[in-house]
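See structure below.
The values are calculated or read from the model by the stated rules, or taken from the named source; none is laboratory data. Because the structure is predicted, anything quoted here is derived from the model rather than measured. Protein only, heavy atoms only, side chains kept; ligands, DNA and RNA dropped before computing areas. Shrake-Rupley method; radii C 1.70, N 1.55, O 1.52, S 1.80 Å.
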Amino acid sequence: QALPVLFKHWLKNAEVEEGRTATLRCELTKPNAPVEWRKGDTVLQPSDKYEIRQEGTRVELFIYDAEAQDA
């Protein structure tokens, strides 16, 4: 049986000024594991607003032009 993917480093709260880019990062126990970023029930998709990067065990979400409703 394969071991489950776990977080090595959990997400930390981040504050950013409106109009700036917010960056959220986490690290997993297995490289290239599938990851979904969500806001509530909504799965975030790559767009002009959101950039998702994954390299090995490190996963990052960039939120461009952050606004209060991105919290």
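Taking all protein chains in place and a 1.4 Å probe, what share, in percent, of the accessible surface of the chain do carbon and sulfur account for?
Values: 2800 of 5730 Å².
With neighbouring chains kept in place, the figure for the chain is 49 percent.
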Problem set entry | Per residue solvent-accessible surface (Å²) - the chain, probe of 1.4 Å | 81 Å²
Exercise. Under a GNM of the chain (C-alpha, springs under 10 Å), which listed residue has the highest mean-square fluctuation: GLU27, GLU60, GLU36?
Worked result: GLU36
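Can you tell me, using C-alpha contacts under 8 Å and at least 6 residues apart, the relative contact order of the stretch 7-70 as a whole percent?
Details: 106 pairs, mean separation 24.8, N = 64.
Relative contact order for the stretch 7-70 comes out at 39 percent.
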